Amino acid sequence: MEEFPLLPLQELVLFPHPLMSVFITYKTGMTAIDEALKRDLRLFAACLKMRDAAETYAEGSVVRIVQHVKMPDNTFRVMLQGEYRGTIASSTRRNDLALVKIEPIGSAADGGAANTETLALMQAVQKSFAQYAENTKKISANTIVAAEKTESLERLADIACHALQIKAERKIELLGVAEPVKRLEAVLAALELENEIFAIQKNISGKVKNRMEKNQREYILNEQIKEINRELGKDEKEDEFAEIERALESKGLKEEGALKARKELARLRRLQPLSPDAGVLRGYLEWIIDLPWYERTIDSGDLAEAQRILHEDHFAMHEAKKRILEFIAVRKLLSLENKGADNGEEAPVKGPILCFAGPPGTGKTSLAKSFARALGRRFVRISLGGVRDEAEIRGHRKTYVGALPGKIIQGMRKAGTINPVFLLDEIDKLAHDVRGDPASALLEVLDPEQNSAFTDHYLELPYDLSQSLFITTANSLHTIPYPLLDRMEVIEIPGYGESEKRAIARGFLVPKALRENGLGSALVAFSDAAVLAVIRHWTMESGVRGLERELARCVRRIAQDALNGGYGQDGAKPLASFTRAVEGADIEKLLGKRKYKRGLFRREPRAGVAYGLAWTEAGGAILLIESIFAAGSGEPVITGNLGNVMQESVRIALSYVRSVQERWGVPAAPEGALHIHVPEGAVPKDGPSAGIAIAVSLMSAMRGLPPKAGAAMTGELTLTGRVLPIGGLKEKLLAAIRENMDRVILPQANEEDWAELSDDMKGALAVDFVETADQVFTLLFPPPAPPAQPKAVSGASRGERVCTFSHNPEDGPQRNSMAEGRCTRRTGWGF
């Protein structure tokens, strides 16, 4: 085996016999050339496996330097000619030089074609190679002649492999085949594959060319038609441009918009009709023409009619209706004042940005529709749920393929006026990713000081949105970015109580279900007991969406019974004669077994168990909190999938209860490790309002005494025992009513919220307002045993002050009442 310097080549495979000019600019290559010039001008050329890697393929060719030129920067331009194929047997490295020992592949001379089969194989390769050369037009005539005249299998294979324009990995495979006949067969397969690819490409190119010729022929015919029309005094192209120009002039655009439109129209005139840019410009001008720039509707100022419409479409929602009527009244007065101005024209009045926030199914979207109807405006709705691309709001640049304006401009074109009621539904469901933040893009839309010149990326013109009335809806305000929330006036849409749901079912849902299910002319009536059964046992929500579905299920079952009874069929009983009274006992027959059971929470007193009230996006819920002392020691164990804020509430409650445990009859901490758990561990829970319920659970576990049964509570607890106010009061109270709770304990600061609730809700629950945790403990636990009295010592003789306050338990719970206790003051308070 001979030893040669290794010349690594990038994406280049050298074969024996053909000459190849190579420019060597990398250090390892220049070192190999220098070493070969010192020896016998021979190297081993191998292709690198990866462009930036140092490892080469084992197969390569021994080559001789026929000619070389060294450049001033020490790089080389060399002419190399392959001698024979070989594979690396071993290698050694000295700095940047690699020396390899080579084992030849096959034979340097195969002795020519020896039989008829090999001769036929050579002729097939020569024919296929000639076809390949004709297809590529890149192979020299000398190479083609050399391939036709050679009688050596190896030389023919080397010439063909060198000329083939295939990947380096495939060439390495052809280089490494040792047996000449098999190698030539592999070369023939590669040539035939390349020739087939060329044939397919040629076929595709021919089809494309024919299509282009057809388009060119159509273009020529169109030009001839236009020339004939010109001779007849008709110019369709000019008519088209004149029509666009007239439409633009009729829009009465201001200076910037008119200048932009004229500029784009002039560009369109210069373009060929079949040009892609012509289609883009024509679509852009059509958007400008279709958009309303000054068209507007006149607002209705009839408050009585607006009030009738709102009451006709929706039950309750008093605060929202009051705010809508206020808006209509203000707009009416402002429009009258503007009409009295000197110019006598009605000036536009900017509207607020309203946000209807509340649980699902409470009628937020339909209230916005009623608002538009009461105001006499067009209504447009777009859903923002899951929108994560800023371009959905601001649009794409018109240079992009398939570009369109954003949802705001699309909605304005759909409305046809510049002052519609524009509903942005589910604004709290906006998302954002690398494509942008749509919530930030909405800042300009919802800012009354900026939206008078809103700029869409597609239009590139300022568009006035200030006269539109934007309304947004949300289930939760926590996920809305503060800068966006700050631009909106939030109107709470609370959940419904049972009496409100019954009224909505009677006045809205049942008649709608009968109309939509073919029983509009039948006499079908649901009793209050039937509706109440559906509300209590087949729905668990603050809204009425689930109630609507269940009532529709009942009506569909009744419709089936009517049809089976012969009503509504040809020649049978008329549908108007069908009557059905649905009572409470009939609901289970219509809907099947109950979905929900009230009072699942055990009401009997249990030590360590307290009932909190929680708020969710779907309404209120009862929060069961359990505490026990288990065997062991160490830090308290907290389970139930609690968030960081709620875990902090547990620590605060534990610290407070420990600080007052002696005063409440717990002389020492019970033995064992404390474990606090909130059931339904698969549901994430967070928030501070369960603090007082956690404290009651801990006090119950420490004293070993259960709290009074049937009581639920809510309130944030501070480290010093104060009970702070909470939000979502109505939803929490509805949850307490659903679970048959008798009493709720609320923070004193929420007394005003309680006063605004309906009388039926206030009558369903007894309520206690508290300011401190001690007041809660007094309401739920028996008073602790009085401590042993020390021997009487004259306090006055020692300059001490004695304070006593008491509460008679027979008087029942009293607001701000405290349990019996005594305090003695020397330098501070102590219990």
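The values are calculated or read from the model by the stated rules, or taken from the named source; none is laboratory data. Computed from a predicted structure; not experimentally measured. Positions of Cβ are generated from backbone atoms using ideal geometry, with glycine treated the same way; all protein chains shown enter the neighbour counts. Note: areas computed on protein heavy atoms with side chains; ligands, DNA, RNA excluded. Shrake-Rupley method; radii C 1.70, N 1.55, O 1.52, S 1.80 Å.
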For I745, state whether it is touching a residue at least 40 places away in the same chain (Cβ under 8 Å) and open to solvent by 30 Å² or more (accessible area, probe 1.4 Å). no
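One line per residue, one yes/no per condition, for (1) small (G, A, S); (2) open to solvent by less than 10 Å² (accessible area, probe 1.4 Å); (3) in contact with a Leu (Cβ under 7 Å, 6 or more places away or on another chain):
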{"site": "E426", "(1), (2), (3)": "no, no, yes"}
{"site": "D433", "(1), (2), (3)": "no, no, no"}
{"site": "G436", "(1), (2), (3)": "yes, no, no"}
{"site": "D456", "(1), (2), (3)": "no, yes, no"}
{"site": "S468", "(1), (2), (3)": "yes, yes, no"}
{"site": "P481", "(1), (2), (3)": "no, no, no"}
{"site": "I493", "(1), (2), (3)": "no, yes, no"}
{"site": "L514", "(1), (2), (3)": "no, no, no"}
{"site": "S527", "(1), (2), (3)": "yes, no, no"}
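Quick one: is Y463 out of contact with any Leu (no Cβ under 7 Å at 6 or more places or on another chain), exposed (fewer than 15 other Cβ atoms within 10 Å of the Cβ) and not β-branched (V, I, T)? So that I can check it myself, show each step before the final result.
Details: out of contact with any Leu (no Cβ under 7 Å at 6 or more places or on another chain): yes; exposed (fewer than 15 other Cβ atoms within 10 Å of the Cβ): no; not β-branched (V, I, T): yes.
Considered against the rule, which asks whether it is out of contact with any Leu (no Cβ under 7 Å at 6 or more places or on another chain), exposed (fewer than 15 other Cβ atoms within 10 Å of the Cβ) and not β-branched (V, I, T), Y463 comes out as no.
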Exception for G279 within (1) at pLDDT 90 or above; (2) part of a helix (DSSP H, G or I); (3) under 37 Å from the mean Cα position of the chain (by Cα) falls at (1)
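Restricting attention to region 479-503, which residues are hydroxyl-bearing (S, T, Y) and under 21 Å from H311 (Cα atoms)?
Y496, S499
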Here are some conditions: (1) in a helix (DSSP H, G or I); (2) buried (at least 16 other Cβ atoms within 10 Å of the Cβ); (3) not small (G, A, S). I139 meets all but one. Which one does it not meet? (1)
In region 457-477, the residues that are of a type outside the set (S, T, Y) and either under 15 Å from A415 (Cβ atoms) or free of Cβ contacts under 8 Å to residues at least 12 places away in the same chain (or both): D464, L465, Q467, L469, F470, I471
S300 being part of a loop (DSSP other than H, G, I, E, B) and either modelled with pLDDT of 85 or more or closer than 20 Å to R413 by Cβ (or both): yes
For region 197-211, indicate whether the set of residues that are under 15 Å from L274 (Cα atoms) and within 48 Å of the chain's Cα centre (by Cα) is non-empty. yes
Is there any pair with a first residue in region 73-100 that is on the phi < 0 side of the Ramachandran plot and part of a strand (DSSP E or B) and a second that is aromatic (F, W, Y) and open to solvent by 50 Å² or more (accessible area, probe 1.4 Å) whose Cβ atoms are under 7 Å apart and which are 6 or more apart or on different chains, and what are they? R77/F23
Mind checking which residues of region 259-268 are basic (K, R) and open to solvent by less than 60 Å² (accessible area, probe 1.4 Å)? K260
Which one of these is open to solvent by less than 30 Å² (accessible area, probe 1.4 Å) and at pLDDT 85 or above: A773, A764? A773
Region 164-188: number of residues that are over 52 Å from the mean Cα position of the chain (by Cα) and either open to solvent by 20 Å² or more (accessible area, probe 1.4 Å) or in contact (Cβ under 8 Å) with a residue 60 or more places away in the chain (or both): 14
Here the residues within region 624-669 that are modelled with pLDDT under 90 and open to solvent by less than 20 Å² (accessible area, probe 1.4 Å) are W664, V666
Take L465 and tell me if it is of a type in the set (A, V, I, L, M) and touching a Phe, Trp or Tyr at 6+ places or on another chain (Cβ under 6 Å). yes
Enumerated helices (runs of 4 or more DSSP H) restricted to region 424-504, each holding at least 2 residues that are within 30 Å of L734 (Cβ to Cβ) and basic (K, R): 498-504
List every residue pair whose Cβ atoms lie under 6 Å apart, where the two residues are 6 or more positions apart in sequence or sit on different chains, the first residue falls within region 579-598 and is touching a residue at least 12 places away in the same chain (Cβ under 8 Å) and of a type in the set (G, A, S), and the second residue, located anywhere, is open to solvent by less than 30 Å² (accessible area, probe 1.4 Å) and outside any strand (DSSP E or B). G584/A530; G584/A533
Could you tell me which of the residues L563, L575, L547, L523 is in contact with a Ser or Thr (Cβ under 6 Å, 6 or more places away or on another chain) and open to solvent by 50 Å² or more (accessible area, probe 1.4 Å)? L523
State all residues of region 147-202 that are small (G, A, S) and part of a helix (DSSP H, G or I); if no residue qualifies, say none. A147, A157, A160, A163, A168, A186, A189, A190, A199
Go through R397, R487, R413 for me and flag whichever is under 22 Å from Y294 (Cβ atoms) and in contact (Cβ under 8 Å) with a residue 60 or more places away in the chain. R413
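Okay, residues lined up against (1) within 33 Å of the chain's Cα centre (by Cα); (2) modelled with pLDDT of 95 or more:
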position	(1), (2)
D528	no, no
H537	no, no
G546	yes, no
L551	yes, yes
C554	no, yes
Q560	no, no
N564	no, no
Y567	no, no
D570	no, no
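Residue-wise test of (1) closer than 30 Å to R331 by Cβ; (2) open to solvent by less than 50 Å² (accessible area, probe 1.4 Å).
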{"site": "R270", "(1), (2)": "no, no"}
{"site": "P276", "(1), (2)": "no, no"}
{"site": "I288", "(1), (2)": "yes, yes"}
{"site": "E295", "(1), (2)": "yes, no"}
